[in-house]
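For reference, the structure discussed in these notes is given below.
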Amino acid sequence: MTDRIEAYVDANQSRFIEEVEQFMRFPSVSAQRQHDADTRACAQWITDHFKSLGFDARLIDIGGQPIVRASAKGKSSKRVMIYGHYDVQPEDPVDQWQTPPFEPTVHDGTLYGRGATDDKGQVFTHVKAVETLLKTEGQLPCEVIFLLEGEEESGGDALARYVTQAKDELQPDVIIISDSTMYDANTPAITYGLRGIVAFEFAVRGPNADVHSGAYGGAIANPAMVLGQMLAACVSPDGKILIPHFYDDVAPLEDWESEMFRKLAFNDENLMREVSVPRLHGEAGRSTLERLWTRPTFEVNGVFGGYQGERSKTIIPAFATAKVSARLVPHQDPDRIRDLIFEHIRSICPDTVRLEISGFMTSPPVLFDVNDPAIRAAQEALRKGFGRETAFIRCGGSIPVVSTFVEQLHCPVILMGFGLDSDRPHGPNEHFSLDSFIRGAKSAAHLLQTI
């Protein structure tokens, strides 16, 4: 049976690549209203593709972008739900792309284009896995339900609302998600922990309009300067978060995790080269993997205000704004951390300006039991597909819907990604190794057989 799976995927890989390229050509940018029609067309395309495989597939509209639901019965009554998203990030900055973002391009065994790794390419490994099983075995080994959302990249809540409404009807035995990464290009991985998030923005407002820095400078506060001072009061130069009680509930690493991280032998110099920085940065006394996976952060995602054009314009800006995200780790409660952050920001804001805080979102951190039978089955499936032992890793990012699944569906969640952080998801020149794409399809088929 394993030989038939391998042979079918190998024989059809050229077609598989052509089909995922079709999927990627839709500019399904859910964050931009001008792409609403493109996003819906993408949802319809993948729905029709499921139908061509014999799935009962339809679009579910409950507000926001449509949810794609596709299901097929199998030999056993065990029910596996596969989650992914068909929406993508905006392509900006376009001038930094070496190939057109929505015209997929293959170069040296790598597929380039928006959505290649996040998440169209990874989702499609599972679509081709079920096709492989249907063609080689005649039916699936278990019931399979796909739920693909169109708002993951824009913070929509349509899928969360649907899962909450349909939880009694869904009732999966296990959930599979490929929206994460391998450990490195040769080592498959299962992600057993995700950081949570608190994201928000705050504005510091001064004069009612931009004013002349010579006429008013020295007599009124400069909102851009105040904003910088406030941000500096949140994090020390060495990366320690200065917000009172921020670290109170951080869960310590268990001994087996510390040993596992050591065996992974993370190369700091490779990371420096990957992102072109002169030196790494972070909490003293912590390894890079600890900083990336198991410690909370406070990051400034964007700062704007004042004159942004060419040459100089001597003003005091009317306002300055910062967009901020804090990554959280197990045992930290997002609502409590949000309240601590807001309290601190209010306490350090001087009375010479006005403070506005808005636009916050939260998602809790999650941690899974690596000894769960479903996760151990995934470990073996990845070993078969990639021919290498599987690593257990954590992820510094957040997948908000995972928390919904844990809270509403109460079943194991397998996070088995096939991409890499260096694939540039969310950035220009996003890409995905075609070797990982093909091996991922094989691994996903093996998993459905053994789960």
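The values are calculated or read from the model by the stated rules, or taken from the named source; none is laboratory data. None of these values were measured; they are calculated from a predicted model. Every residue, glycine among them, receives a Cβ derived from its backbone with ideal geometry; neighbour counts consider all protein chains shown.
Odds and ends about this structure:
- Within the stretch 377-391, tally of residues that are more than 25 Å from residue 171 (Cβ to Cβ), surrounded by 19 or more Cβ atoms within 10 Å (Cβ to Cβ) and either aromatic (Phe, Trp, Tyr) or touching a Leu at 6+ places or on another chain (Cβ under 7 Å) (or both): 2
- As for the stretch 41-53, it holds at least one residue that is closer than 20 Å to residue 172 by Cβ and among the aromatic types (Phe, Trp, Tyr).
Conditions tested, residue by residue: (1) outside the structural domain of residue 417 (by TED's automatic domain parsing); (2) in contact with a helix residue (DSSP H, G or I) (Cβ under 8 Å, 6 or more places away or on another chain); (3) surrounded by 15 or more Cβ atoms within 10 Å (Cβ to Cβ); (4) in contact (Cβ under 8 Å) with a residue 24 or more places away in the chain.
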| site | (1), (2), (3), (4) |
| --- | --- |
| 316 | yes, yes, yes, yes |
| 323 | yes, no, yes, yes |
| 334 | yes, no, yes, yes |
| 338 | yes, no, yes, yes |
| 344 | yes, no, yes, yes |
| 347 | yes, no, no, no |
| 354 | yes, no, no, yes |
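- Every residue from the stretch 344-366 that is farther than 17 Å from residue 201 by Cβ and either in a helix (DSSP H, G or I) or of a type in the set (Asp, Glu) (or both): 347, 351
- Selection count, the stretch 399-426, where residues are of a type in the set (S, T, N, Q) and crowded, with 23+ Cβ neighbours inside 10 Å: 0
- Strands (runs of 3 or more DSSP E) contained in the stretch 26-137 and holding at least 3 residues surrounded by fewer than 19 Cβ atoms within 10 Å (Cβ to Cβ): 56-60, 105-107
- Any hit, the stretch 394-415, residues being assigned by TED's automatic domain parsing to the domain that holds residue 173, out of contact with any Leu (no Cβ under 9 Å at 6 or more places or on another chain), under 27 Å from residue 261 (Cα atoms) and among the polar types (S, T, N, Q): no
- Filter pass, residue 154 being more than 30 Å from residue 266 (Cβ to Cβ) and of a type in the set (S, T, N, Q): yes
- Taken over the stretch 138-152, the residue count meeting the criterion of being touching a Ser or Thr at 6+ places or on another chain (Cβ under 7 Å) and part of a loop (DSSP other than H, G, I, E, B) is 4.
- Take the conditions (1) part of a loop (DSSP other than H, G, I, E, B); (2) within 19 Å of residue 224 (Cα to Cα); (3) not hydroxyl-bearing (Ser, Thr, Tyr); residue 332 misses just one of them, which is (2).
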